[in-house]
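Notes to accompany the following structure.
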Amino acid sequence: MDYLPLFLQVRNQNCLVVGGGDIALRKIRLLKASGAIVRVVAREICKDIRVFLADGDDQLLNKSFDEQDLDDVCLVIAATDDSVVNQQVALSAQRRHLFVNVVDDADAGNAVMPAIVDRSPVVVAFSTGGKAPVLARLLRQKLETLLPQGYGRLAALAGECRDMVKAKFSHINDRRYFWEKVLVGPAAEKALTGDLKGARKLIDQTLQSSSAQKIGEVYLVGGGPGDPDLLTFKALRLMQQSDVVLHDRLVSEDVLALCRRDADYIYVGKKRDRHARPQEEINALLVQLAKEGKRVLRLKGGDPFIFGRGGEEIETLASEGVPFQVVPGITAASGCASYAGIPLTHRDHAQSVRFVTGHLKDGSYALNWNEMLDPGQTLVFYMGLLGLPRICQELIDHGRDAQTPIALIQQGTTRNQKVFTGTLATINKIIEPEKVKAPTLIIVGSVVTLHEILNWYNNDKLLKQ
Ligand code: SAH
C-alpha cells in the first residue's frame, strides 16, 4: 500500500484550507460535516464559502498564505488554483510534520482524500492513491447502490445494544454469533426500513429468549419482467440473503441466477403447469418455512400485487403472525411498454390506461367490455394470448373501432423480445404463422402507432441512421 488508510477525529480541531473557490468549498463542507473548525486563507473568498461559514467559530482570512496560518492546526488542505502556492503550503506543512492534502496533486502532499460512501456511522472510504480519481468515483457509484440507505440506522442501533449484548454473552464467539444472526435477520430489516422501535423490540426479544421459538420472515419480491437490470436494490439485497427461494415459471433465469447460491430452491410452478402446486399449498409452505426460522424469498414475476396473487399469500402470513415484507417490481405492462417503445399514456393518444386479465375463468369472461371502448384509453391485457381472438371480437362487437392498433409483445425486456403489431381486425392473421412464445402482453390503443418511431430496444436501424 502506498498510503495508510485512517479515519481522523477532527471534531473541534482547527483545520486549515488554503483557497477560496469551489474546490475549497467542497473540502470545507467535508470538514464541517466531521465537526472541524475551519480556517480559510485566500486572497479571494467566494460568496458561497462566506454564506456556508457565516455563523460559527470558523475563520475567514482574506490574505495570502504565510507560515503562521499553520499554527494550532491538525490538518491542511491546499486547494488554490495556483500549483506553486499549493506546493509552498505543502512544504511548509510537512516541515511542521502536519498532514497536508494537495487537491489534484497527490504527490505534492502526504495525505489523499478518499472517495466516500456515507452511511454514518458507517463510512466507506477508498482511494486510488490519486492515480485515477474517476475510477474511484465509478467505484463509489457501485458501492452507493450496494449499501442500503438505512445502514447507518442499523449501525447506530447495534451500537445502542452493544453493552446489553456484552452483558448477556460473556464469550466473544457467542456475541459474534448473535450479531451475525441479528444483522441479517428480521430486526435488521426493520431497522433498514426505518422502524427502529420494532427492530429494538425484536433484538430485546431475541436476547431475552435465545432458546425461544425462532421465527423467520417472508419476502414477497417482484422480480420484474425478465431483464435483471430492472430489479430494485431492495429486491437484490433480499434475494441475496434468503435461505429458501420459492419461484415460479415467470421468473427469468437471469433473475434467478442473482439469488443466493447456497439457498434451497423450490419450484412452485404456475397454474397451468402439470407440476404446479395449488395456491393453498404454497401459502402453507411459506408459513411452515418461516416458522422453522428461515428467511424465505417468494420471488414473483413482475409486480407481486398485479395479477400475482401476492395478496392471498400474505393474507395467510398475516393471519399466522409471520413477519413479511413486500417489494414491488416492474410489472409486465411497464417493462414491455418501455422496451417496445409504446408509452401507455400520451397527450395526443391516451389519457388513461387499464390493466385487464385476459385469462378466461371457467371458459368465460366476466369483463365489462363497455368500459373499454373509449379511444383515449389504452388497454393492457395480461394472460391474453389464448383468448386473443375472443378479446378482439368482443371489443369490436361492443363498438371499439376495428382499426384500433394493437401490439403483442412476446417475452418483453428479454433478449428474445418480439413485437407484433396490427389492428383489432388483423392481428390474429398476422401472428398465425409465427410461433409466438409465452409470456406475452397485449396493448390496445392508438399509442401502439408510436412503436414505429420509438422502438429502441434491439433496434439495429437506430444505429445505422
Ligand atoms: N405479476 C406479473 C403478472 C403475472 S400474470 C406482473 O406484474 O407482470 C402473467 C402474465 O404477465 C403473462 O401471461 C403475461 O401476460 C404477462 N407477462 C409477464 N412477464 C412478461 C414478459 N416478460 N413479457 C410479456 N408478458 C409478460
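The values are calculated or read from the model by the stated rules, or taken from the named source; none is laboratory data. Since the model is a prediction, treat every value here as computed from it, not as a measurement. For neighbour counting, all protein chains shown are included, and Cβ atoms are generated from backbone atoms with ideal geometry for every residue, glycine included.
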Residues in segment 174-216 that are at pLDDT 85 or above, surrounded by fewer than 22 Cβ atoms within 10 Å (Cβ to Cβ) and acidic (Asp, Glu): how many?
2
Right, Leu4: within 27 Å of Gly129 (Cβ to Cβ), among the aliphatic types (A, V, I, L, M) and surrounded by 12 or more Cβ atoms within 10 Å (Cβ to Cβ) or not?
no
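Given the criterion in a loop (DSSP other than H, G, I, E, B), within 16 Å of the ligand (Cβ to nearest atom) and touching a Leu at 6+ places or on another chain (Cβ under 8 Å), identify the matching residue among Val255, Val322, Val251.
Val251
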Checking Leu317 against (1) more than 21 Å from Leu236 (Cα to Cα); (2) outside any loop (DSSP other than H, G, I, E, B); (3) in contact with a helix residue (DSSP H, G or I) (Cβ under 7 Å, 6 or more places away or on another chain); (4) within 16 Å of the ligand (Cβ to nearest atom): exactly one of these is not met. Which one?
(4)
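Being among the hydroxyl-bearing types (Ser, Thr, Tyr) and either without any contact (Cβ under 8 Å) to a residue 24 or more places away in the chain or assigned to a loop (DSSP other than H, G, I, E, B) (or both) is the filter here, so list the residues in segment 424-445 that pass it.
Scanning segment 424-445 gives a single hit, Thr426.
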Which listed residue is surrounded by 17 or more Cβ atoms within 10 Å (Cβ to Cβ) and part of a helix (DSSP H, G or I), from Val448, Val356:
Val448
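If I filter segment 134-152 for residues that are β-branched (Val, Ile, Thr), without any contact (Cβ under 8 Å) to a residue 60 or more places away in the chain and not assigned by TED's automatic domain parsing to the domain that holds Gln241, do I get at least one hit?
Initially, segment 134-152 is screened for residues β-branched (Val, Ile, Thr), giving 134, 145.
Next, from what is left, pick out any that are without any contact (Cβ under 8 Å) to a residue 60 or more places away in the chain: 134.
Within this subset, residues satisfying the condition of being not assigned by TED's automatic domain parsing to the domain that holds Gln241 are 134.
Checking segment 134-152: at least one residue is β-branched (Val, Ile, Thr), without any contact (Cβ under 8 Å) to a residue 60 or more places away in the chain and not assigned by TED's automatic domain parsing to the domain that holds Gln241.
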Test Phe65 against the criterion of being over 30 Å from Glu144 (Cβ atoms), of a type in the set (Phe, Trp, Tyr) and over 37 Å from the mean Cα position of the chain (by Cα), and give yes or no.
yes
Exactly one condition in (1) in the same structural domain as Pro439 (by TED's automatic domain parsing); (2) part of a loop (DSSP other than H, G, I, E, B) is false for Phe305; which is it?
(1)
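Determine if segment 96-105 includes at least one residue that is at pLDDT below 95, under 34 Å from the mean Cα position of the chain (by Cα), crowded, with 18+ Cβ neighbours inside 10 Å and within 28 Å of Val122 (Cβ to Cβ).
Yes: one or more hits.
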Scan segment 414-423 and tell me whether some residue there is touching a residue at least 24 places away in the same chain (Cβ under 8 Å), away from the ligand (no atom under 16 Å from the Cβ) and assigned to a loop (DSSP other than H, G, I, E, B).
no
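Being in a helix (DSSP H, G or I) and either touching a residue at least 40 places away in the same chain (Cβ under 8 Å) or in contact with a Cys (Cβ under 9 Å, 6 or more places away or on another chain) (or both) narrows it down to one residue among Asp107, Asp69; which is it? Reasoning before the result, please.
Numbers: Asp107 fails: either touching a residue at least 40 places away in the same chain (Cβ under 8 Å) or in contact with a Cys (Cβ under 9 Å, 6 or more places away or on another chain) (or both).
Unique residue meeting the criteria: Asp69.
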Which condition from (1) in contact (Cβ under 8 Å) with a residue 12 or more places away in the chain; (2) more than 12 Å from the ligand (Cβ to nearest atom); (3) over 30 Å from the mean Cα position of the chain (by Cα) is the one that Arg354 breaks?
(3)
Has segment 43-60 got at least one residue that is part of a strand (DSSP E or B), at negative phi and at pLDDT 95 or above?
yes
